[in-house]
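Participant: Following this message is one structure expressed as structure tokens.
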Amino acid sequence: MRLTTLPFLALFALANASLQQVIALDHELISLHKSLVETESISGNETAVGQFLAEYLAQSGFTVETQTVGRGRENIYAYFGETRNTSVLLTSHIDTVPPYIPYYVFLDRIYGRGSCDAKGSVAAQVIAAKSLYASGEIAEGDLSLLFVVGEEVDGAGMAHASEQLNVSWNNAVFGEPTELKLGVGHKGVYHLDIAVEGKASHSGYPQLGIDANKKLIDILYGIEHAEFPKDDLLGNTTVNVGLIHAGTAGNVVSPHAFAKVLIRVANNAQAVHGIVQSVIDKTGFENVHVEEHQLEEPVYLDYKVPGFNSTVLAYFTDVPNLKREDMGKYLYGPGSILVAHGDDEYVTVSELQGALDGYKDLVRFLL
Ligand SMILES: *[C@@H]1O[C@H](CO)[C@@H](O)[C@H](O)[C@H]1NC(C)=O
Ligand SMILES: *[C@@H]1O[C@H](CO)[C@@H](O)[C@H](O)[C@H]1NC(C)=O
Ligand SMILES: *[C@@H]1O[C@H](CO)[C@@H](O)[C@H](O)[C@H]1NC(C)=O
Ligand SMILES: *[C@@H]1O[C@H](CO)[C@@H](O)[C@H](O)[C@H]1NC(C)=O
Ligand SMILES: *[C@@H]1O[C@H](CO)[C@@H](O)[C@H](O)[C@H]1NC(C)=O
């Protein structure tokens with residue numbers, strides 16, 4: 001009996017010890033996540049959360065650099081020792097969309113603005129880096145962390161880091177809500193406004209006016225029915241005419257018509273741009289004004305890692321703002337984009353813990 005109980009007890013003690021460690025780590029993950037979510041950081045107002053995170057990282061033994069992007073707005077770059085260029089980068093963003101929603105927990109869900117997008121990723125990346133370093137699995141030069149401002153508005157933080165940081169990496173893992181799957185890629189975007197000027201007249205005498213609505217309808221019909229490029233991975237290019245303002249009254253030939261068109265580009269944004277242009281040109285209408293807001297190519301990511309599932313994403317990220325061609329780019333994080341910008345934004349405790357393990361496994365794979 002002794003012989004059988006002894007190994008059993010030893011095993012139990014071992015399991016218990018690692019359980020203690022796991023609990024300690026998880027506790028730190030949950031409490032860091034709580035502090036981050038509790039610190040309001042709507043895009044443009046990231047000062048407080050940046051200062052908090054920089055101090056937290058410095059106290060955790062990282063070398064911390066801050067990079068000023070705008071007044072009081074700072075990116076944070078952290079690494080071990082003195083080696084700024086590292087094999088792997090874990091990166092995410094510290095700004096959120098408005099409005100601020102306070103932190104609260106209900107059952108296994110942690111609610112609050114940023115809980116999912118993207119402070120869940122930030123917290124899990126920090127604890128993953130600490131834990132790999134503490135266990136001796138990684139050393140100076142292996143891993144760095146970059147947390148940027150402004151992802152939710154214009155990507156100014158990542159663009160600034162890309163241009164000014166003077167650092168190189170072999171692989172980067174971007175943290176965004178992907179439900180713990182590796183993003184295969186995401187569509188690009190072509191966002192344009194179309195404004196048509198006509199001339200008002202009595203609707204009984206349409207020949208005296210120029211009907212702006214009719215012209216806009218023809219153009220939008222052409223765009224809706226155009227053949228846009230498809231992609232094997234990202235699917236179809238899709239068109240959304242999200243807003244139309246046109247005309248003045250039922251009995252007046254419309255003097256103006258305006259539409260906002262947002263095209264999600266599966267393949268070749270330049271070609272999509274050309275197709276829209278030719279649709280407009282073909283009508284031969286005068287007084288058609290196009291204002292372009294955004295033209296971005298789709299992003300294709302690295303996603304083949306044993307033990308991970310993958311997913312196609314329909315939202316835009318900071319990935320294209322990191323202008324480095326000669327490196328691997330992965331996208332992975334806890335939580336679902338479906339709740340990310342809503343009033344009920346949340347992440348589950350088990351997804352947060354899953355992300356901690358996931359980031360550690362990704363770093364191990366990439367080293
Ligand atoms: C900016 O964020 C801080 C906390 O991080 C908050 O106290 C302050 O009210 C915010 N300012 C604005 C103008 O939203
Ligand atoms: C980038 O850093 C290297 C040293 O790592 C230095 O030699 C080089 O001058 C720096 N370049 C710029 C543009 O700062
Ligand atoms: C680090 O990367 C920068 C940017 O690519 C490069 O200029 C520099 O030489 C690298 N430093 C070292 C020590 O390899
Ligand atoms: C893509 O478009 C084709 C028609 O061009 C349609 O048959 C197909 O169902 C679409 N695929 C998806 C995923 O919507
Ligand atoms: C991958 O997806 C399959 C099917 O949904 C699921 O059974 C499996 O647990 C997933 N694997 C991981 C590592 O998430």
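The values are calculated or read from the model by the stated rules, or taken from the named source; none is laboratory data. Here the structure is a predicted model, which is why all the values come from computation and not from measurement. No Cβ is skipped: glycine too gets one built from the backbone with ideal geometry, and neighbour counts run over all protein chains shown. Just the protein is used for accessible areas: all its heavy atoms, side chains included, with ligands, DNA and RNA removed. Shrake-Rupley method; radii C 1.70, N 1.55, O 1.52, S 1.80 Å.
Participant: In this structure, is Val126 in a strand (DSSP E or B) and either closer than 19 Å to Leu32 by Cβ or of a type in the set (D, E, K, R) (or both)?
Facilitator: Spelling it out, it is not the case that Val126 is in a strand (DSSP E or B) and either closer than 19 Å to Leu32 by Cβ or of a type in the set (D, E, K, R) (or both).
Participant: Ok, one more. Quick check on the range 17-42: of everything there that is at pLDDT 95 or above and of a type in the set (Ser, Thr, Tyr), which residue is least open to solvent (accessible area, probe 1.4 Å)?
Facilitator: Ser41
Participant: May I ask you to list the residues in the range 169-208 that are within 16 Å of ligand 3 (Cβ to nearest atom) and open to solvent by less than 60 Å² (accessible area, probe 1.4 Å)?
Facilitator: Passing the criteria: Trp169, Asn171, Ala172.
Participant: Ok, one more. Output the residue which, of all residues in the range 120-158 that are closer than 18 Å to Tyr315 by Cα, open to solvent by 10 Å² or more (accessible area, probe 1.4 Å) and of a type in the set (A, V, I, L, M, F, W, C), is farthest from the chain's Cα centre (by Cα).
Facilitator: Ala156
Participant: Related question: From the set of residues in the range 71-92 that are assigned to a loop (DSSP other than H, G, I, E, B) and on the phi < 0 side of the Ramachandran plot, which is farthest from ligand 2 (Cβ to nearest atom)?
Facilitator: Arg71
Participant: Let me ask another. In the range 29-70, which residues are assigned to a loop (DSSP other than H, G, I, E, B) and either within 12 Å of ligand 1 (Cβ to nearest atom) or under 19 Å from Ile110 (Cα atoms) (or both)?
Facilitator: Scanning the range 29-70 gives Thr39, Glu40, Ser41, Ser43, Gly44, Asn45, Glu46.
Participant: Just give me the residues in the range 288-342 being part of a loop (DSSP other than H, G, I, E, B), touching a helix residue (DSSP H, G or I) at 6+ places or on another chain (Cβ under 8 Å) and among the charged types (D, E, K, R), in sequence order.
Facilitator: Glu297, Asp318, Lys323, Arg324
Participant: The conditions are (1) assigned to a strand (DSSP E or B); (2) open to solvent by less than 90 Å² (accessible area, probe 1.4 Å), and Ile244 fails exactly one of them. Which is it?
Facilitator: (2)
Participant: Now, a different point. Within the range 343-359, how many residues are open to solvent by less than 30 Å² (accessible area, probe 1.4 Å) and assigned to a helix (DSSP H, G or I)?
Facilitator: 6
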